[in-house]
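Quick note: the coordinates plus some simple rules give every number you see, no bench work behind them. Keep in mind it's a predicted model, so treat the numbers as computed, not measured. Reconstructed Cβ throughout: ideal geometry from the backbone, glycine too, with neighbour counts over all protein chains shown.
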Amino acid sequence: MLPRLMLCRPAQCRRNSSSRGFMLFRQTLLYLPAQVLGPLFQFISILAWTHFLSPVEMGVFALVVAVQELAYVATTFWFTLYTMRYHDPAAAPDAKRTFLDTELMVLAAASLATVGVMLLLPLTTGVPWSFDLSLAAIAYAITRGLVTHLADRARTEHDTMTYSVLQISWPVLGLMFGLALVVWGKEDAVHVLWGYTLAQAFSLMIAFFRLEFGRNPLRFARAAIAKGFDYGLPLLIGGVFIWMANNGLRFVVEMRESAAAVGLVTVGWGLGLRVAAFAAMLVTAAAFPVAMKRAREEGMSAGQAQLERSGILLLAVLAPASAGLVAIGTPFISLVVAEEFRATTIAVLPWAILAGAIRNFRIHFAEQVFLLHERTRVPLWNDAIDAVLSLAGVAIGLYAGGLPGAVAGAAAGAAISLGVTLLAGWSAYRFTLSLDALWRIALATSAMVASVTMMPAEATPVSLALAIAVGAATYALTLAAVYPDLVRKLAGVLRSGRLGTGP
């Protein structure tokens, strides 16, 4: 059968091509508030807690957050992937009710399993564990897992309002509630966890009124469970490997050093990962759904081409964000991080940014082509390579170079994994970024870094703001200079108002 694109009249084809060319850009704009505010406040919270928590309490908080992420990956992630891949919001009422009942059963079972996972956490660390801390950790983990899944379901249903509420409420209100609790109560991880739990519960209440939910979990569809496991199990195992790559460092440091060392390294490590994730999510929230839509309507080659365009956009955001923070890292950390955490953060931040940027580029670009073709076992092997090499690098680096060496080892493992994934994508589908796009983005990023380093920033808000403004302007102008045709086309679309039309 011919792709649908080839069955339209020439004039209609031209209109379709023009509107589809900006489908990703339009969808990205719709999700932009959630992609900006949520990660931004997560970034701010890392800095804020250095002024209220000791290294030990920061380490405890980091370990709880890490184990919650593992609990979500182990219990719910597979069904979230199934939802994003196969859930049809326009399905017949009976089919939709069956999906919702199945979802309810999965979430209930996952919540019970999460309780067990969190109760095992004290057995894996040398930190004294109280009943209050266990209760706060369980409440935080359950509500966080529910928010994560329902946000992705709302995104699959193209409900940008609910998605935005779920993505924004917990980091923004969680920081506010947590600050209030530590100021009026005690400066410890327990009060911080309860602050985020209250915020997550609030966002779940909003979602309850906007989303549909199942009523009878016993009416779950065994076929959906089986299909979800078949599709999601390799990715679930891959998710565990990604978790190991992202969080294994904390547990290796805790075993070899102490919870205080975890707290010290967590700030720089967390900042590096958050910056990369923030930059990536700015442009990836709508990327895979749009590629799937193109693949269904026009064929797999059209979906793959959409992924390649998304990869260019991802790199165009990820490269300057990462390089820019490295360029101003020392004065920025000196200004915003508490003195007790400052030296370690400055030492590990460049390596953490590199590790985060490489890993996000692999997950949000290099692996996507295999998900499009439903070959989920290929990313699994790459995730395993990343985890094993990253943990080995952490252990070797910690022994040879302390905390900075541990983070550098994690970055080395991520880099090798990216190379393997890119090679596999090229070998199987000739999937890659064009050299033309790479040199343009590299040139613009280099110009930005040069402009910032030529005017050394000081640890003051005005100096840093000026450096950021100069760097951003240099990058934008250089990118516009090397993409003149795209600039003219985008300007024409904005003038004609076509950006606001539906996809």
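Dividing the convex hull volume of the alpha-carbon atoms in segment 52-220 by its residue count gives 108 Å³ per residue. If you average the alpha carbon positions of segment 298-364 and of segment 115-137, how far apart do those two centres end up, in angstrom? Between the Cα centres of segment 298-364 and segment 115-137 lies a distance of 32 Å.
Candidates Met118, Ser54, Ala91 compared by Cα position along the dipole of segment 52-220: farthest toward the positive end lies Ala91, with charges placed on Cβ. Using C-alpha pairs below 8 Å separated by at least 6 residues, the relative contact order for the chain is 19 percent. By the Kirkwood approach, averaging reciprocal distances over each pair of separate Cα atoms, segment 256-503 gets a hydrodynamic radius of 19.6 Å.
Helices in the chain that qualify as membrane-span-like (whole DSSP H runs, Cα extent of at least 24 Å along the helix axis, mean Kyte-Doolittle hydropathy of 1.6 or higher) are 259-284, 461-482. Peptide packing for 339-350, 164-175 was compared via the average number of neighbouring C-beta atoms within 10 Å per residue; ordered from the highest value, the list is 164-175, 339-350. Taking a cut-off of 39 Å, what percent of all Cα-Cα pairs in the chain are separated by more than that? Summing the P(r) of the chain above 39 Å gives 23 percent of all pairs.
Gyration tensor analysis over the Cα atoms of segment 322-444 returns equivalent ellipsoid semi-axes of 30, 19, 11 Å (largest first, whole Å). Ranked by the mean number of other Cβ atoms within 10 Å of their residues, highest first, the peptides 48-54, 460-466, 224-230, 73-79 come out as 73-79, 48-54, 224-230, 460-466.
Pairwise inverse Cα distances across segment 237-356, averaged and inverted, put the Kirkwood hydrodynamic radius at 16.2 Å. The separation of segment 469-492 from segment 421-435, counted between C-alpha centres, amounts to 27 Å. Neighbour counts of other Cβ atoms within 10 Å put Asp436, Asp152 in the fewest-to-most order Asp436, Asp152. Taken over segment 192-270, the ratio of Cα radius of gyration to 2.2 N^0.38 Å equals 1.64.
Comparing Ala366, Gly174, Val65 along the charge dipole axis of the chain, the residue lying farthest to the positive side is Ala366, per the Cβ-charge model.
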